[in-house]
Amino acid sequence: MIDFSIEKMRKNNELEKMAIRSNRHLPRMQALQHAPIRNHHPTLSPASSANACGRERAHSRKAVMTAPLAIAVLKLAHAGDLPLPAAQSAGAAGLDLAAALPPGETIVLAPMSRALVPTGLVFQIPQGYEGQVRPRSGLAVKNGITVLNAPGTIDADYRGEIMVPLINLGSDPFVVSHGMRIAQLVIAPVTACVLVEASSVDSTVRGSAGFGSTGTRSGG
């Protein structure tokens, strides 16, 4: 019994010494837990590091915005003297398409008549994109001239001449001449899809309401 008590006292003393050593390090451990995280970059302070990252992100955005999609265009003989379609302002989405007619020829569109107007251009649109042929707002408002199937679609695998179907919805004849900008072309991405037959579709608040079901007055 005496030996057992002595051994127990020795073990208790050792545990107390360990507790004391642990308590000595506790304030430093607590301080480390609450210490702020510092930037240990060898050359950049936190502010300059943030500025550098901001400049890098801005440069990346600028590179993405200014990298145009390259599209091969073949000019046919009757468009040989015409420039390639181009945007008319820095922020314009469309490229103006011009009529390419034989020398001395014009196309006269009587009211409510329509005609296919050649452009003399063949596009090689990359896969994953399409060309959309849209009316020009000025011709539509001032003369009633619009693209009959607007927006017309140019598929990526089409290799024929771009022809623009114009219609005159105005009250006066309209003359199309060589080099006249008659429509605009917008290149847009296409989302490929696969249709899957289903036995039902989910329901919505709108349901099948359409064709003017919301009325014409704004604000309800």
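Each value in this text was obtained by applying a stated rule to the coordinates, not by laboratory testing. Just so it is clear, the model here is predicted, and its values are computed rather than measured. Note that each Cβ is placed from the backbone with ideal geometry, even for glycine, and that neighbours are counted across all protein chains shown.
Given a Förster radius of 41 Å and the C-beta distance between S218 and S177 as r, what FRET efficiency does 1/(1 + (r/R0)^6) yield to the nearest 0.05? Approximately 0.45, to the nearest 0.05.
P135 sits among other residues whose Cβ lies under 15 Å from its own Cβ, and their net charge, with Lys and Arg +1 and Asp and Glu -1, is +4. Set Lys and Arg Cβ to +1 and Asp and Glu Cβ to -1, take the dipole of region 72-189 about its Cα centre, and tell me which of V175, I125, N143 lies farthest positive. Sorting the options by dipole projection puts first N143. Local charge for G94 was computed over the other residues whose Cβ lies under 11 Å away, with Lys and Arg +1 and Asp and Glu -1, and equals +2.
Placing one identical point scatterer on every Cα of region 72-189 and ignoring solvent, what is log10 I(q)/I(0) from the Debye formula at q = 0.10 Å⁻¹? Rounded to two decimals, the profile gives -0.28.
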